[in-house]
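Report on the structure given below.
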Amino acid sequence: MIFGKIWRAMKAQFNKLANFFWKVDPIAQMQLEYDTAVEELKQGRVGLEQYRALVERVTRQVERSSKHCQSLESKVKAYLKAGDRETAAKFALELQKAKDDLAENQSQLDMHEKAYENNVRKIKHAGEKLNRIKEKIQKYDAELKMSRAEAEMAELAESFNFDITTDFGQIEEVLQDRIGQNRAKARVSADLSTEGIADIEREEAMEASLADDALRQFEIDSGMITPETAEVEQAPKQLGPKQSETE
């Protein structure tokens, strides 16, 4: 009884210590659990690879047994055709044993294949659960950091008064004035930058005219319209910006 009490007391102390570390950094504890599970999953995958190698060996054994049965069956037929029933009977007996071995090997193969598929499904399912746990860890970590930042900002808001009369407020006002001046310069430059607009308009009008001519020629070449209906001879198109009627 004494040792039992001592053991229970030690367990209680260990539990208290574990709870202390959980509270100090729960994200780190979650990450530790995740990393441990990942390592176990890796070991399980290695074991699954070894098991698959066993399945492949049994598969090759089944294939060899099947080919052996086919060979024996061919020999039985050949000796029967030759009239040698004694030799045919010998190979027929060997064929019967080979078929029994093939059936046993096929049964073992089916069992191993099923077990392998089940283990693959389990490992895939475990991997999906780990991915969800990883996403939760990242989410909780981000939320925890954000809540800490919000708490710190709340404390700063209570500790400082960002009034316009303070040094911080005056510096902020100077920065805003400089930003306004820079934006004003950029706006003036943009408003005055009209050089080359007429050239651009003339070039766009020329491209539109050429595109229209190309489309009309395509319609004529394709037989969609005739030169007569297309009115091939048209008045020369005016390139450049349209002149005002008042000019």
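Values in this text are rule-based calculations from the coordinates and carry no lab data. Since we're looking at a predicted model, the values are computed, not measured. As a convention, Cβ positions derive from the backbone with ideal geometry for all residues, glycine included, and neighbour counts pool all protein chains shown.
Between Gln96 and Lys77, the simple spin-label model (points 7 angstrom out along Cα→Cβ) gives 2.1 nm.
Between Glu104 and Gln43, the distance separating the two model label sites (each 7 Å from Cα on the Cα→Cβ line) works out to 3.5 nm.
Among the listed pairs Lys114/Lys134; Lys42/Lys114; Lys42/Lys136; Lys42/Lys134, those with a Cα-Cα distance over 27 Å are Lys114/Lys134. A simple rule links phi to the HN-Hα coupling: the Karplus curve 6.51 cos²θ - 1.76 cosθ + 1.60 with θ = phi - 60°, which for the range 198-206 gives 4, 4, 5, 5, 5, 5, 5, 5, 5 Hz, with x for Gly and Pro.
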